[in-house]
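Working notes, beginning with the structure itself.
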Amino acid sequence: MSAVTPEIQRISGMRRFKDKGVQALVYLAFAIAVVPLVSVLWLVISNGLARFDMEFLTHSMRNIGARDAGGGAYHAIIGTLEQVALASLISVPIGLLTAVYLVEYGTNGRLKRSISFFVDIMTGVPSVVAGLFILAFWILILGMPFSGWAGAMALSILMLPTVVRSAEEMLMLVPNDLREASYALGVSKWRTIVKVVLPTAFTGIVTGVMLAIARVAGETAPLLLTVFFTDSINEDPFNGPQMGLPLYVFDQAARPNDTAIDRAWAGALTLIVIIMLLNLAARLITYWRSPARKR
Amino acid sequence: MAKQIEVTDVDAYYGSHKAIEGINMTIDARAVTAFIGPSGCGKSTFLRTLNRMHEVIPGARVEGKIRMEEQDLYGSDVDPVSVRRTIGMVFQRPNPFPTMSIYDNVAAGLRLNHRYSKSQLDTIVEDSLKGANLWNEVKDRLNKPGSGLSGGQQQRLCIARAIAVQPQVLLMDEPCSALDPISTLAIEDLISKLKQEFTIVIVTHNMQQAARVSDKTAFFNLAAQGQPGKLIEMDETTKIFTSPTQKATEDYITGRFG
Ligand SMILES: Nc1ncnc2c1ncn2[C@@H]1O[C@H](COP(=O)(O)OP(=O)(O)OP(=O)(O)O)[C@@H](O)[C@H]1O
Ligand SMILES: [Mg+2]
């Protein structure tokens, strides 16, 4: 035997070294990414807990004087929940249908390309501009009052492109095999979309919608221009000024006394908790719906 | 309820590319017809023209006539959805719906089209699974996802799903190519059993399989890469495998070909 017989070699020291080095870099990158996240959370929690109590969650700022302690954000919580719910009610159906059109029906036509183009442009619209648009169109031209609904419309302008894009991505991931399997059973196209394509993409679409909601729930600028301010509870989103949590934080933080600053931190904490709860709910829904669970 | 299919001068295109040309044949009712031929000669394309699945590909179109018992499948007022309901299809790779249970997969074609009572569905699902020789293996886990089955079981599930809608014709595109020999045998047995009720067309690269299961065999070939595929010869399977009239067929069958 003259040829060198291949033998099983040990991992060389160099390779071990490289492996450890790259691993260290990966962990370092992770740590760096986590630092701002954790410090923001820490700051908000440690400062917000001071006023994060029952009174804060159940009372408004009505009849609370400039220097008084007490008061709460109930009116702002109600406002944010209603505005975000209305905004989702507008943008999720429209966004989902748009995505279905783009993926399932628009076969490279002009319409498809122009819709894609405008969705991309909408992604880049600064949030103030969305607020200004509703202010100019709805409130100044049509003469409608400031209201939670106006705020919801501004937010939905910001949500729409995110919903369309994420739903589109998810629908494109559904393998064509499944569509064909359904066609081959003599199932019509729209039923295939409703019963096979959308359920398959369901988890991803829910995640996308949650991200869109989380993004707009913290928007201040468009609310500033559309829902106005109020210190009292207004449960009707269609009539009169409402409050929103981001506005509340913005308002309280600008006041000079410590009691107001504490309320601002508590408001920020409340917003984070709400988003967290929403995300948790979405996780539960997708977990509960996932085929893997039934195995 | 099996029906015969009559094909006259069919061409199929992908955009401007002509994939098959001038196909003429008669597919007998209650018999198994096998399509054989080298890769890329248009067997799958032709199979898909038979139940109007070809046209779901953007840019794809079909010319010529395909009739099923005097009914023109490509008539201008014919609903392609109803054509696919009458001519079912099983794909090369098993593709059970991942979000549905075994039961729901079999019931899918029924439920997605009409309303059935629970007991009607139960009967049809059981019959179809029995028809696909799968009932005994899955009867205790009908509510588990179909993706949890083995490849061979998944393929039989897809066959059960296809026969549940009571088609007249069943098209199968290399239904065994992703399966082990045992599952392949199970499916071949199934095909022989199904031909009493359905007209069956099967594409296969396995000569023995064609010889074992089919009554008639059609050999497709293409003159050169980029040329459209053509039907070279079609006859009784025994005739094709013992004394084909065309030289190309003989070369292909005996393995003297690319
Ligand atoms: N979706 C498609 N778009 C464009 N051309 C296609 C498409 N599918 C197939 N073709 C072309 O059509 C011709 C026939 O393909 P087809 O899939 O029918 O071959 P086949 O005989 O089934 O081959 P195989 O035995 O490998 O499955 C080939 O030249 C192929 O490149
Ligand atoms: Mg093929």
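The values are calculated or read from the model by the stated rules, or taken from the named source; none is laboratory data. Note that the structure is predicted; figures quoted are calculated from it, not measured. Glycine gets a Cβ as well: all are built from the backbone with ideal geometry, and neighbour counts include every protein chain shown.
For the structure I just gave you, tell me whether B:A248 is over 22 Å from the mean Cα position of the chain (by Cα), part of a helix (DSSP H, G or I) and within 16 Å of ligand 1 (Cβ to nearest atom).
Values: over 22 Å from the mean Cα position of the chain (by Cα): yes; part of a helix (DSSP H, G or I): yes; within 16 Å of ligand 1 (Cβ to nearest atom): yes.
The answer is yes for B:A248.
Is there a residue in the stretch A:216-230 that is assigned to a helix (DSSP H, G or I), hydroxyl-bearing (S, T, Y) and surrounded by fewer than 22 Cβ atoms within 10 Å (Cβ to Cβ)? Let's see the steps before the verdict.
Of the residues in the stretch A:216-230, the ones assigned to a helix (DSSP H, G or I) are A:216-217, A:221-226.
Adding the requirement that they be hydroxyl-bearing (S, T, Y) leaves A:226.
Cutting the leftovers down to surrounded by fewer than 22 Cβ atoms within 10 Å (Cβ to Cβ) gives us none.
Checking the stretch A:216-230: not a single residue is assigned to a helix (DSSP H, G or I), hydroxyl-bearing (S, T, Y) and surrounded by fewer than 22 Cβ atoms within 10 Å (Cβ to Cβ).
Go through the stretch A:177-213 and give me each residue that's within 18 Å of A:K112 (Cβ to Cβ) and more than 29 Å from the chain's Cα centre (by Cα).
A:R179, A:K189
For the list (1) within 16 Å of ligand 1 (Cβ to nearest atom); (2) assigned to a strand (DSSP E or B); (3) closer than 30 Å to B:T238 by Cα, I need the number of the one condition that B:Q92 fails.
Of (1) within 16 Å of ligand 1 (Cβ to nearest atom); (2) assigned to a strand (DSSP E or B); (3) closer than 30 Å to B:T238 by Cα, only one is false for B:Q92: (2).
Which residues, taken from the stretch B:46-56, are within 14 Å of B:V201 (Cα to Cα) and surrounded by fewer than 24 Cβ atoms within 10 Å (Cβ to Cβ)? Steps first, answer last, please.
Taking the stretch B:46-56 first, the residues within 14 Å of B:V201 (Cα to Cα) are B:46-51.
B:L47, B:R48, B:L50, listed by residue number.
Can you name the residue in the stretch B:24-71 that is under 23 Å from B:E197 (Cα atoms), part of a loop (DSSP other than H, G, I, E, B) and away from chain A (no Cβ under 14 Å) and, of all such residues, is farthest from ligand 1 (Cβ to nearest atom)?
Restricting to residues being under 23 Å from B:E197 (Cα atoms), part of a loop (DSSP other than H, G, I, E, B) and away from chain A (no Cβ under 14 Å), the top hit is B:E70.
Considering each of A:P246, A:P199, A:P237, A:P241 in turn, give the residue that is modelled with pLDDT of 90 or more and either farther than 19 Å from A:M153 by Cβ or not in a helix (DSSP H, G or I) (or both).
Numbers: A:P246 fails: either farther than 19 Å from A:M153 by Cβ or not in a helix (DSSP H, G or I) (or both); A:P237 fails: modelled with pLDDT of 90 or more; A:P241 fails: modelled with pLDDT of 90 or more.
Selected residue: A:P199, the only one of A:P246, A:P199, A:P237, A:P241 that is modelled with pLDDT of 90 or more and either farther than 19 Å from A:M153 by Cβ or not in a helix (DSSP H, G or I) (or both).
For the stretch B:136-148, which positions are part of a helix (DSSP H, G or I), surrounded by 14 or more Cβ atoms within 10 Å (Cβ to Cβ) and over 22 Å from the mean Cα position of the chain (by Cα)? Spell out how you get there, then give the answer.
Here is the first cut: in the stretch B:136-148, the residues part of a helix (DSSP H, G or I) are B:136-138, B:146-148.
Now restrict to residues that are surrounded by 14 or more Cβ atoms within 10 Å (Cβ to Cβ): B:137-138, B:146-148.
B:E137, B:V138, B:G148 - these are the residues of the stretch B:136-148 that are part of a helix (DSSP H, G or I), surrounded by 14 or more Cβ atoms within 10 Å (Cβ to Cβ) and over 22 Å from the mean Cα position of the chain (by Cα).
Looking at the stretch A:171-193, which of the residues that are crowded, with 21+ Cβ neighbours inside 10 Å and facing chain B (nearest Cβ under 8 Å) is nearest to B:V56 (Cα to Cα)?
A:Y183
Would you pick out the residues in the stretch B:95-123 that are more than 7 Å from chain A (Cβ to nearest Cβ), surrounded by 17 or more Cβ atoms within 10 Å (Cβ to Cβ) and assigned to a loop (DSSP other than H, G, I, E, B)?
Selection gives B:P96, B:M100.
Looking only at residues in the stretch B:31-53 that are within 13 Å of ligand 2 (Cβ to nearest atom) and basic (K, R), which one is farthest from A:G186 (Cα to Cα)?
B:K43
If B:T254 meets every condition in (1) within 16 Å of ligand 1 (Cβ to nearest atom); (2) surrounded by fewer than 17 Cβ atoms within 10 Å (Cβ to Cβ) apart from one, which number is that one?
Looking at each condition in turn, B:T254 falls short on (1).
Confirm whether A:V92 is at pLDDT 95 or above and either closer than 25 Å to A:A217 by Cα or touching a helix residue (DSSP H, G or I) at 6+ places or on another chain (Cβ under 8 Å) (or both). Let's see the steps before the verdict.
On the way: at pLDDT 95 or above: yes; either closer than 25 Å to A:A217 by Cα or touching a helix residue (DSSP H, G or I) at 6+ places or on another chain (Cβ under 8 Å) (or both): yes.
The answer is yes for A:V92.
Identify, by number, the condition in (1) away from every other protein chain (no Cβ under 14 Å); (2) surrounded by 19 or more Cβ atoms within 10 Å (Cβ to Cβ) that A:T200 doesn't meet.
Among (1) away from every other protein chain (no Cβ under 14 Å); (2) surrounded by 19 or more Cβ atoms within 10 Å (Cβ to Cβ), the lone unmet condition for A:T200 is (1).
Surrounded by fewer than 16 Cβ atoms within 10 Å (Cβ to Cβ) and within 16 Å of ligand 1 (Cβ to nearest atom): does that describe B:G151? Break it down stepwise before answering.
On the way: surrounded by fewer than 16 Cβ atoms within 10 Å (Cβ to Cβ): yes; within 16 Å of ligand 1 (Cβ to nearest atom): no.
The answer is no for B:G151.
Collect the residues in the stretch A:241-266 that are of a type in the set (G, A, S) and either farther than 22 Å from A:W149 by Cβ or surrounded by fewer than 17 Cβ atoms within 10 Å (Cβ to Cβ) (or both), keeping them in residue-number order. Lay out the reasoning, then the answer.
Within the stretch A:241-266, the subset of a type in the set (G, A, S) is A:244, A:253-254, A:260, A:264, A:266.
Within the stretch A:241-266, A:A253, A:A254, A:A260, A:A264, A:A266 qualify.
Of (1) within 16 Å of ligand 2 (Cβ to nearest atom); (2) crowded, with 17+ Cβ neighbours inside 10 Å, B:A178 satisfies all except one. Which?
Result: B:A178 passes all but (2).
Just to check your reading of the model, which residue among A:W288, A:W265 is free of Cβ contacts under 8 Å to residues at least 24 places away in the same chain and in a helix (DSSP H, G or I)? Step through it out loud before you land on a result.
Numbers: A:W265 fails: free of Cβ contacts under 8 Å to residues at least 24 places away in the same chain.
The match here is A:W288.
Restricting to the stretch B:198-216, name every residue that is under 14 Å from the mean Cα position of the chain (by Cα) and more than 16 Å from ligand 2 (Cβ to nearest atom). Let's see the steps before the verdict.
Initial filter on the stretch B:198-216 (under 14 Å from the mean Cα position of the chain (by Cα)): B:198-205, B:210, B:213-214.
B:F198, B:T199, B:I200, B:V213, B:S214 - these are the residues of the stretch B:198-216 that are under 14 Å from the mean Cα position of the chain (by Cα) and more than 16 Å from ligand 2 (Cβ to nearest atom).
Of the residues B:V90, B:V106, which single one is closer than 24 Å to A:A201 by Cα and in contact with a Pro (Cβ under 7 Å, 6 or more places away or on another chain)? So that I can check it myself, show each step before the final result.
Details: B:V106 fails: in contact with a Pro (Cβ under 7 Å, 6 or more places away or on another chain).
One residue alone meets the criteria, B:V90.
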